[in-house]
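Only one structure is covered here, and it is reproduced in the block below.
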Amino acid sequence: MLNTGQKHQALAKFIEDFRHNMHRHPELSNQEFGTTARIKAVLENHQIRVLNLPLKTGLVAEIGGQKAGKLVVLRSDIDALPIEEKSGVEYTSENPGVMHACGHDFHTSAALGAAILLKEREETLAGTVRILFQAAEETGHGAPALIETGALDDAAVIFGIHNDPTLPVGIIGSKDGALTAGVDRFAITISGTGSHAARPHEGNDPIIIAGQIIGALQTLIARNVPSDHNAVVSVTQVHSGSTWNVIPDSAWLEGTVRSFNQDTRELIERRFRQVLNGIAAAFNTQIELDWQPGPPSVVNTAEWVDFALAQAAGSGFEARRVEASPIGEDFAFYQQKLPGAFLMIGSGGPFALHHPEFRVDDRALFPTAHYLAQLAVNALEHLSPQA
């Protein structure tokens with residue numbers, strides 16, 4: 001890993017302390033008021049510009065612009081999850097039922113460190129760097145809200161990071177094309193007819209219908225999606241009934257679909273609706289579907305993946321090509337607007353993202369801050385007409 005050197009030991013300690021404090025005080029999506037205020041205070045203390053944007057929470061910092069050049073964007077996210085922490089770290093959450101179980105405190109602190117490092121060399125930057133401290137990534141709506149402010153209108157390229165507990169500390173990974181999955185959420189309501197359990201012929205059993213739906217949905221992938229197009233349909237909740245001898249009058253199911261190809265995503269939704277319509281007709285019942293599309297796949301630009309991975313060694317990292325991940329990530333919305341690369345930073349495990357025992361190895365923090373700052377500097381130079 002990168003040797004921080006005497007010059008930046010204080011900064012490394014500062015952003016580690018900031019992360020620990022942020023971890024102690026997690027805030028849910030669109031409620032990150034305290035987090036936003038603490039980030040803003042640090043930026044202003046280092047004379048880093050904060051753009052005046054119509055954002056409820058989150059903010060955008062800007063560095064450079066003293067020399068003509070392009071605009072490069074770095075993105076971090078700031079929200080936490082509704083999870084009771086069981087990590088055992090000394091700086092555990094003090095907000096009951098809320099936890100930084102996805103490492104957004106790591107992302108934010110690394111981006112803050114990058115901002116401070118970039119400020120040190122602001123006069124030499126060949127253009128401008130904007131750093132997004134984005135709210136509400138976990139809802140999938142944070143990125144679109146930030147895009148609407150116009151903060152990315154003139155940007156040439158965007159880079160984002162996510163810690164990855166499946167990778168050891170010291171690894172940066174990425175890949176061309178689809179890196180994460182498109183995410184869709186569904187809820188199904190079955191309106192049956194209740195009856196005594198001893199006289200099922202007098203009702204229309206929604207539990208039987210739910211079972212048929214669950215079985216049929218598993219065929220959507222096996223019998224509709226080409227074998228080289230990965231996709232998943234998972235039913236994750238089933239609720240019906242309240243006692244042992246009564247057939248209920250309704251059932252409710254919820255779950256998610258993950259896919260890496262837009263045509264496959266559209267096919268699954270279309271066949272999903274057809275399956276439900278067919279089962280409703282077969283059982284003479286009403287079935288309602290609430291389909292909630294989330295972010296599409298993160299689709300990396302090959303040129304910028306190559307460029308970003310080539311910078312890894314300069315910050316003490318080893319670059320690695322990785323497999324696509326079925327996680328969802330609203331960074332994908334930025335890539336619908338401009339080219340860029342999303343990168344996975346090894347955080348050492350052993351627990352998965354969104355696990356109550358999840359934790360990040362701090363040894364990766366300052367090297368990531370250094371990497372982001374140098375990546376922005378090199379990208380500006382790469383985009384410069386003199387390059």
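The values are calculated or read from the model by the stated rules, or taken from the named source; none is laboratory data. Predicted model, so just to flag it, every value in this text is computed and none were measured. Using ideal geometry, Cβ is built from the backbone for each residue, glycine included, and neighbour counts are taken over all protein chains shown. When the accessible area is computed, the model is the full protein with side chains, heavy atoms only, and any ligands, DNA or RNA have been set aside. Shrake-Rupley method; radii C 1.70, N 1.55, O 1.52, S 1.80 Å.
Which condition does GLU357 not pass, out of (1) under 18 Å from HIS100 (Cα atoms); (2) surrounded by 24 or more Cβ atoms within 10 Å (Cβ to Cβ), if it passes all the others?
Only one criterion in (1) under 18 Å from HIS100 (Cα atoms); (2) surrounded by 24 or more Cβ atoms within 10 Å (Cβ to Cβ) is unmet by GLU357, namely (2).
For SER347, all conditions in the list (1) touching a residue at least 60 places away in the same chain (Cβ under 8 Å); (2) closer than 26 Å to LEU383 by Cβ hold save one; what is the number of the exception?
(2)
In region 201-223, which residue that is open to solvent by 50 Å² or more (accessible area, probe 1.4 Å) and among the polar types (S, T, N, Q) is modelled with the highest pLDDT? Break it down into steps so the answer makes sense when it comes.
We begin by selecting, within region 201-223, every residue open to solvent by 50 Å² or more (accessible area, probe 1.4 Å); these are 201-202, 207-208, 212, 214, 218-219, 222-223.
From the residues that got through so far, the ones that are among the polar types (S, T, N, Q) too are 212, 218-219.
Values: GLN212: 97, GLN218: 91, THR219: 92.
The residue in question is GLN212.
Which of the numbered conditions does ARG258 fail, given that it passes all the others? Conditions: (1) crowded, with 18+ Cβ neighbours inside 10 Å; (2) in a helix (DSSP H, G or I).
Here ARG258 clears every test but (2).
Under the condition of being in contact with a helix residue (DSSP H, G or I) (Cβ under 9 Å, 6 or more places away or on another chain) and β-branched (Val, Ile, Thr), which residue from region 64-85 is surrounded by the fewest Cβ atoms within 10 Å (Cβ to Cβ)?
Ranking the qualifying residues of region 64-85, first place goes to VAL73.
Restricting to region 265-299, name every residue that is polar (S, T, N, Q), over 29 Å from THR180 (Cα atoms) and in a helix (DSSP H, G or I). Steps first, please.
Filtering region 265-299 for residues polar (S, T, N, Q) gives 274, 277, 284-286, 292, 297.
Pick out the ones that are also over 29 Å from THR180 (Cα atoms) and you get 277, 284-286.
ASN277 - this is the single residue of region 265-299 that is polar (S, T, N, Q), over 29 Å from THR180 (Cα atoms) and in a helix (DSSP H, G or I).
Is one or more of the residues making up region 303-324 in a strand (DSSP E or B), within 18 Å of ALA101 (Cα to Cα) and out of contact with any His (no Cβ under 7 Å at 6 or more places or on another chain)?
Within region 303-324, the first condition is being in a strand (DSSP E or B), and the residues that meet it are 318-321.
Adding the requirement that they be within 18 Å of ALA101 (Cα to Cα) leaves none.
Looking for residues that are in a strand (DSSP E or B), within 18 Å of ALA101 (Cα to Cα) and out of contact with any His (no Cβ under 7 Å at 6 or more places or on another chain), one finds none in region 303-324, hence no.
What residue, among those in region 360-386 that are farther than 18 Å from LEU74 by Cβ and assigned to a helix (DSSP H, G or I), is most open to solvent (accessible area, probe 1.4 Å)?
If we take residues in region 360-386 being farther than 18 Å from LEU74 by Cβ and assigned to a helix (DSSP H, G or I), then ARG363 is most open to solvent (accessible area, probe 1.4 Å).
Cβ-Cβ below 6 Å, separation at least six or inter-chain, first residue in region 1-18 and small (Gly, Ala, Ser), second assigned to a loop (DSSP other than H, G, I, E, B): which pairs?
From region 1-18, the pairs are ALA12/THR4.
Out of (1) part of a loop (DSSP other than H, G, I, E, B); (2) of a type in the set (A, V, I, L, M, F, W, C); (3) surrounded by fewer than 24 Cβ atoms within 10 Å (Cβ to Cβ); (4) under 16 Å from the mean Cα position of the chain (by Cα), the odd one out for VAL89 is which?
(4)
Taking interchain pairs and intrachain pairs at least six residues apart, which have beta carbon atoms under 8 angstrom, with the first residue in region 267-282 and of a type in the set (Lys, Arg) and the second surrounded by 18 or more Cβ atoms within 10 Å (Cβ to Cβ) and in a helix (DSSP H, G or I)?
Pairs found: ARG271/LEU220.
Can you tell me which condition HIS141 does not meet? The list is (1) surrounded by fewer than 20 Cβ atoms within 10 Å (Cβ to Cβ); (2) within 28 Å of LEU59 (Cα to Cα); (3) in contact with a strand residue (DSSP E or B) (Cβ under 9 Å, 6 or more places away or on another chain), and all the others hold.
(3)
Any residue in region 225-249 that's of a type in the set (Ser, Thr, Tyr): show its pairings with residues that are part of a loop (DSSP other than H, G, I, E, B) at Cβ separation under 6 Å, as long as the two are six or more apart or on different chains.
SER240/PRO248
Within region 1-25, which residues are in a helix (DSSP H, G or I) and open to solvent by 40 Å² or more (accessible area, probe 1.4 Å)?
Applying the first criterion (in a helix (DSSP H, G or I)) to region 1-25 yields 5-24.
Answer for region 1-25, where residues must be in a helix (DSSP H, G or I) and open to solvent by 40 Å² or more (accessible area, probe 1.4 Å): GLN6, LYS7, GLN9, ALA10, LYS13, PHE14, GLU16, ASP17, ASN21, ARG24.
Say whether the condition of being closer than 26 Å to PHE333 by Cβ, open to solvent by less than 40 Å² (accessible area, probe 1.4 Å) and at pLDDT 95 or above is met by at least one residue in region 239-249. I'd like the intermediate steps shown before the answer.
Of all residues in region 239-249, those closer than 26 Å to PHE333 by Cβ come to none.
Scanning region 239-249, I find no residue that is closer than 26 Å to PHE333 by Cβ, open to solvent by less than 40 Å² (accessible area, probe 1.4 Å) and at pLDDT 95 or above, so the answer is no.
Residue check, ILE327 against (1) free of Cβ contacts under 8 Å to residues at least 40 places away in the same chain; (2) among the hydrophobic types (A, V, I, L, M, F, W, C); (3) under 28 Å from ASN261 (Cβ atoms), all met but one. Which one?
(1)
Can you pull out the strands (runs of 3 or more DSSP E) entirely within region 106-216 that have at least 3 residues that are in contact with a helix residue (DSSP H, G or I) (Cβ under 7 Å, 6 or more places away or on another chain)?
Numbers: elements: 127-134, 157-164, 171-174, 182-191.
So the answer is 127-134, 157-164, 182-191.
For the condition open to solvent by less than 20 Å² (accessible area, probe 1.4 Å) and of a type outside the set (Gly, Ala, Ser), what is the one hit in PHE351, PHE331?
Working: PHE351 fails: open to solvent by less than 20 Å² (accessible area, probe 1.4 Å).
Selected residue: PHE331, the only one of PHE351, PHE331 that is open to solvent by less than 20 Å² (accessible area, probe 1.4 Å) and of a type outside the set (Gly, Ala, Ser).
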